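Rule-based calculations on the coordinates, nothing more; no lab input. Bear in mind the structure is a predicted one, so any value in this text is a computation, not a measurement. Backbone-built Cβ (ideal geometry, glycine too); neighbour counts: all protein chains shown.
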Amino acid sequence: MKKLPTLHIINGDASLTAFEAAKLPGQVLVWREILSEGPTVASLPEHAFWQKRQEYITKTYKETAADYKKKVLDELPKLSAASGFFEVVLWFDADLMCQVNLLYLLHRMYLLQPTSVSICTPPPPENIALFKLEELQQLFETRQRQIISQLQEANKIWHLYAGPDPMKLQLYLQQHQEVQPSLRKAMSLHLSRFPSCETGLGHPERALLELIQQGADTMEQLMQQFWHHHLGYGFGDWQLQQLIQRLQPQLVHDNGVLTISSLGKLVLQGHATVTPEDYWLGGLKIKGATNNLCYNSLLQELKISSSL
């Protein structure tokens with residue numbers, strides 16, 4: 001069977017308008033999942049994997065099952081057909097959310113083995129969705145073609161990210177300095193989301209608490225400040241709202257104005273810790289008081305701890 005020329009996979013509808021204006025030749029697949037959030041359990045069979053993803057998205061983001069099917073599940077057969085194209089081009093920014101999606105897709109490309117796989121990732125903090133026509137065309141001309149060893153590495157890192165032991169992911173990054181810089185940075189940010197050994201808060205939650213202390217007293221101000229100072233996570237409104245909800249009401253009060261509780265102040269001063277609630281990071285579910293992993297902010301690495 002004759003192969004089709006090019007399949008472009010772009011991250012989300014926000015990039016679609018700019019991408020269509022560039023009129024690059026080839027077919028387009030819009031990737032609408034956010035695999036950096038919620039459970040990604042690589043050991044599950046594919047059907048069970050996507051069922052778990054659907055359950056998480058519909059519960060967390062109030063998406064209907066019908067919408068998830070249309071936006072995500074109905075697109076998966078198109079992804080499975082990628083081996084029928086001569087080249088697959090992956091258009092993803094350098095932030096954590098984009099890079100985890102990219103990592104999964106590189107894992108799939110390793111399994112599907114199209115003739116050629118390329119990546120278009122602009123340097124941070126640039127955003128593909130904001131690119132002008134000539135900028136998209138230039139990014140396409142300078143796309144990074146992936147050799148088989150890079151796809152093998154992405155496949156390995158995906159299974160570590162979506163596996164039950166993030167210490168193995170950390171060890172792999174420490175032992176393999178050749179990991180692509182944007183992916184390395186994203187995985188480091190991922191590890192920083194684990195509960196801190198000092199406070200019990202992940203780095204993004206602590207950052208939000210600090211911004212409130214510094215005067216961001218409305219949700220809009222808080223989000224704008226977070227995006228300004230911590231753009232590398234790539235979080236949107238919904239993700240930040242989820243993080244802020246974790247802080248309430250124990251650490252943050254919202255009575256029309258955001259304020260830090262007495263306990264929140266003690267946590268920021270290093271005089272108190274909190275027990276994290278249950279939530280997923282990659283392939284591991286953080287289970288509150290029984291969690292035995294914590295992130296050492298000073299050393300910037302995970303460690304085993306009997307208690308936080």
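Every cysteine in the chain with no other Cys Cβ under 4.7 Å from its Cβ, please list them in numeric order.
Unpaired cysteines in the chain: C98, C120.
Excluding residues fewer than 8 places away in the same chain, name every one of the aspartates and glutamates whose C-alpha is closer than 12 Å to that of K71.
Excluding near neighbours in sequence, the set is D13, E33, E63.
Want the number for H229 to A272: 0.36 nm per residue separation, take away the alpha-carbon distance, what's left?
13.0 nm
Work out the FRET efficiency for L4 and Y172 from their Cβ-Cβ distance, taking R0 = 35 Å, and round it to the nearest 0.05.
Computed FRET efficiency for L4 and Y172 comes out at 0.50.
Could you tell me the center-to-center distance, by alpha carbons, between segment 47-86 and segment 127-148 in angstrom?
Each part's Cα centre sits 26 Å from the other's.
Go through 28-39, 85-96 and give me the packing order, highest mean Cβ count within 10 Å leading.
On the way: 28-39: 20.5, 85-96: 23.4.
In decreasing order of mean packing, 28-39, 85-96 become 85-96, 28-39.
When N is the residue count of segment 4-181, what does its C-alpha Rg come to as a fraction of 2.2 N^0.38 Å?
1.02
Take every Cα pair under 8 Å in the chain that's 6+ residues apart, average their separations, divide by the length, and report that relative contact order as a whole percent.
Worked out over the chain, it gives 20 percent.
In the Gaussian network model of the chain, springs joining C-alpha atoms below 10 Å, which of Y61, Y161, Y110 carries the largest mean-square fluctuation?
Of Y61, Y161, Y110, the most mobile in the Gaussian network model is Y61.
HN-Hα J couplings of segment 20-31 from phi, Karplus 6.51/-1.76/1.60, θ = phi - 60°, integer Hz, Gly and Pro as x?
After applying 6.51 cos²θ - 1.76 cosθ + 1.60, I find 5, 5, 6, 6, 6, x, x, 8, 10, 10, 8, 8 Hz.
From the phi of every residue in segment 234-245, what ³J(HN,Hα) in whole Hz does the Karplus formula 6.51 cos²θ - 1.76 cosθ + 1.60 yield, where θ is phi - 60° and glycine or proline is x?
x, 5, x, 3, 5, 5, 5, 4, 5, 5, 5, 4
Ranking E63, E205 by Cβ neighbours within 10 Å, fewest first, what do you get?
Ordered by Cβ neighbours within 10 Å, fewest first: E63, E205.
At 7 Å along the Cα-to-beta-carbon direction for both L130 and E220, put a label point, then send me their distance in nm to one decimal.
1.9 nm
Please find the FRET efficiency linking Q144 to D67, where r is the Cβ-Cβ separation and R0 is fixed at 22 Å, and quote it to the nearest 0.05.
The calculated FRET efficiency here is 0.10.
Tell me, how many Å apart are the Cα centres for segment 165-233 and for segment 234-300?
12 Å
If I stretch the segment between K303 and S80 completely, what's the gain in nm (0.36 nm per residue apart, minus their alpha carbon distance), one decimal?
Here the segment from K303 to S80 would lengthen by 76.5 nm.
Given the chain, report the % of alpha carbon pairs whose separation exceeds 28 Å.
42 percent
Arrange the following residues from fewest to most other Cβ atoms within 10 Å of their Cβ: L16, L139. Show your work: numbers first, answer last.
Details: L16 14, L139 18.
Exposure proxy ranking, most exposed first: L16, L139.
If I stretch the segment between L44 and E210 completely, what's the gain in nm (0.36 nm per residue apart, minus their alpha carbon distance), one decimal?
Answer, rounded to one decimal: 56.0 nm.
Helix 148-161: angle to the longest alpha-carbon principal axis of the chain, degrees 0 to 90, nearest 10?
30 degrees
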